[in-house]
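The values are calculated or read from the model by the stated rules, or taken from the named source; none is laboratory data. This is a predicted model, so every value here is computed, not measured. Here the Cβ positions follow ideal geometry from the backbone for every residue, glycine too, while neighbour counts run over all protein chains shown. Side chains are part of the model used for accessible areas, which takes the heavy atoms of the whole protein and leaves out ligands, DNA and RNA. Shrake-Rupley method; radii C 1.70, N 1.55, O 1.52, S 1.80 Å.
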Amino acid sequence: MNLLNYQGANVIFDSVAGEVTSRSLDCLALYGTLVQFGSSSGKAGTIKTSDVHSSCRNIKGFSLGTTRKHNRSRLASVAAKVLELFASKKVSIPVAQVFDLKDAAKAHKLIESRNYEGKVLIKI
C-alpha cells in the first residue's frame, strides 16, 4: 500500500489463497480486480461479499486445467506467444539447481520448501 500511495492495486493475482486472499483484498483498489488462480497454501480464502460490492471490486477465478478441459482453443494463441517469447530468448526462467537422479528426493524437498527461484531440474 505504501508503494501505491494507499490507493491499492488495480489488479492482484493470488495463487496462494488462505490468509493471502484476505490480505490481497485489503490491498485492492476501488474498482480493482482480484484474480484467484490457485491455492498453494492448501487453505481456502474467505471473502465477505460486503467487502466486494461496497467497493465495486471484482473477484475472478481462473484454472488452466479447467480451461484446457473445457475450452482448449482459448489457450492456443497464448501458448504460441509464450513459446515464441521463450524461443526468442525475450523471456527465460533461470535454473535454480540441477540434481542427479539419485538425489530426486532432495530436489523434491527443495521444491516443497519454496526456497528457490527458477526451475529445479533432475539430470537423467
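Longest span of the chain, sites excluded, free of trypsin sites (Lys or Arg not before Pro) in DSSP loop with at most 10 other C-beta atoms within 10 Å?
1-47
Residues with amide H under 5 Å of LYS43's amide H, sequence separation 5 or more or different chain, H placed in the peptide plane at 1.01 Å from N; which?
When sequence neighbours closer than 5 places are left aside, the close amide H contacts are GLY18.
For ILE59, what residues show an amide H to amide H distance below 5 Å, using hydrogens built from the backbone and excluding near sequence neighbours?
Counting only residues 5 or more places away or on other chains, the set is LEU34.
Taking the dipole about the Cα centre of segment 54-98, with the C-beta of Lys and Arg at +1 and of Asp and Glu at -1, give me whichever of SER55, ILE93, THR67 is farthest to the positive side.
Of the listed residues, the answer is SER55.
Show log10 I(q)/I(0) for segment 64-108 at q = 0.23, 0.28, 0.30 Å⁻¹, two decimals, from a solvent-free Debye sum over equal Cα scatterers.
Here log10 of I(q) over I(0) equals -0.79, -0.88, -0.95.
At a 1.4 Å probe, what is the % contribution of carbon and sulfur to the accessible area of the chain?
56 percent
Give me a comma-separated list of calculated 3J(HN,Hα) values for segment 33-44, in order, Karplus coefficients 6.51, -1.76, 1.60 applied at θ = phi - 60°, integers in Hz, x for any Gly or Pro.
Coupling constants for segment 33-44: 10, 9, 9, 9, 10, x, 8, 5, 6, x, 10, 7 Hz.
How about segment 23-124: which GluC sites (Glu not before Pro) there are in a DSSP loop, with at most 12 other Cβ atoms within 10 Å of their Cβ?
Passing sites in segment 23-124 are GLU117.
Counting just the Cα atoms, what span does the chain cover along each of its three principal axes? Round to the nearest Å and put the largest first.
Largest to smallest, the principal-axis extents are 55, 33, 31 Å.
When only C-alpha pairs under 8 Å and at least 6 residues apart count, what is the relative contact order of the chain, in percent?
Contact order relative to length: 17 percent.
Near LYS119, which lysines are there with a Cα under 29 Å away, not counting those fewer than 8 places off in the same chain?
LYS43, LYS60, LYS69, LYS81, LYS89, LYS90, LYS102, LYS106, LYS109
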